[in-house]
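Working notes, beginning with the structure itself.
Computed from the coordinates by the stated procedures, all read-outs in this text should not be read as laboratory data. Please read these numbers as outputs of a predicted model, since none were measured by experiment. FYI the Cβ positions are ideal-geometry reconstructions off the backbone, even for glycines, and counts take in every protein chain you see.
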Amino acid sequence: MSCDITSNGFTPTAGYVVGPSGEQLTEVDGSGTWLHTNVYAGGKLIGTYDGNVSAPSLHFHFDDPLGTRRAQTNASGTLEATYQSLPFGDGLNEVPVTGYNGEDPTENHFTGKERDTESGNDYFGARYYASSMGRFLSPDWTSKSSDPVPYAKLSNPQSLNLYAYAGNSPIVMVDLDGHAGCTVEGIAECGSTPPSSEVATRDLSESEQITQGLYNNTLTATRVPVHDYGYFRKWELSGKSAKGGWIVQQINLFDTKSGNPIELKDQSGKHDMGTAYWEAWHVSKGSKYTDFLNSSPWDDGMRGSHGTTVEASARFYEGLELPNTFKLGNVPEADYLKSTYTDPRLSTDNATAAVPLTVHFQ
């Protein structure tokens, strides 16, 4: 179909200027008359210049922790209106202050997303969301054809529903781009823009080897003690990363014969630290390799009575600032990598598909 309005019979009713992440900056009507311009700072909508012909004015927006507008003032700080809605964004109600004309300067409300005036649906970037149902109108998707349940975590059954909004927890979680929810506390780690096509299509490959006896001479500079078993990892991205980031791998240990989880000990060997840990490799800007290779010693005390089974999963997170719970030498099994016993709960918005690994030590 032709986009030429002189021949296709359509009459435009609105036009938009959008920002680099698809956010609406300016709206004009079908004749090109300016309606309003949104002002963003730090990825958040903070104000709107409206196009009221008689008295154009600036309005400031004040949000709740989830990013939903709850109050609005004029440029002088005088309250103009408050806004109410239910947890999933439905039931939106404006309560204007006496003397305010009640005009809503912008369509952005629920978690800061633009609400379509014709359908009442909210635009989340990757897809549209219907607050009336508390569901997205299309299933979640990814450009990785090998990922049948994108952005899901098997440990969280709610994430397996491809239509659900933020794990059905709209009071404590928020979806920033239509792909995956994150907690309010983790918004900074989730990022504020949809994953770039560069990251979405990049793969993470791995080379895992079990070496017996002495370590390869190339690793002598790390001064790793000699053990009977070594665990040597080498990671590589399928393309260079413009922003750099971290490869984070979760590791769980099990007794091979019984299948029971192996309880991890801290550096002193006296305190139980759970059955999983996370270790991280840094990838510099413009590189597709980690900054160094690593070999982890596995001492007899960490192997199960009938051998150890390692279940692991790793992803590359582009642009990630590693949480401060990761520390050098924090987990003995992680050797000289930054590691933690605390689940970092990283958002997969800007991450590759997971690379699984199973290794058996005898």
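Cβ crowding within 10 Å ranks M273, M133, M173 as M133, M273, M173, fewest other Cβ atoms first.
Can you compute the FRET efficiency between K240 and E321 using 1/(1 + (r/R0)^6), with r the Cβ-Cβ distance and R0 = 25 Å? Round to the nearest 0.05.
For K240 and E321, the calculated efficiency is 0.80.
In this label model, D64 and E263 are separated by 4.2 nm, measuring between points 7 Å along each Cα→Cβ vector. With neighbour counts taken as other beta-carbon atoms within 10 Å, the residues K327, K113 rank, fewest first, as K327, K113.
About its Cα centre, region 1-127 has a charge dipole of approximately 300 debye under the convention of +1 per Lys or Arg Cβ and -1 per Asp or Glu Cβ, with nothing else charged. Of K113/K327; K257/K288; K113/K243; K153/K338; K243/K265, which ones are farther than 30 Å apart at the Cα? From the list (K113/K327; K257/K288; K113/K243; K153/K338; K243/K265), the Cα-Cα distance tops 30 Å for K113/K327; K257/K288; K243/K265. Taking the number of Cβ atoms within 10 Å of each Cβ as an exposure proxy, the fewest-first ranking of R70, R127 is R70, R127. Ranking G134, T68, V28 by Cα position along the charge dipole of region 1-193, where only Lys, Arg, Asp and Glu carry charges on their C-beta atoms, puts G134 farthest toward the positive end.
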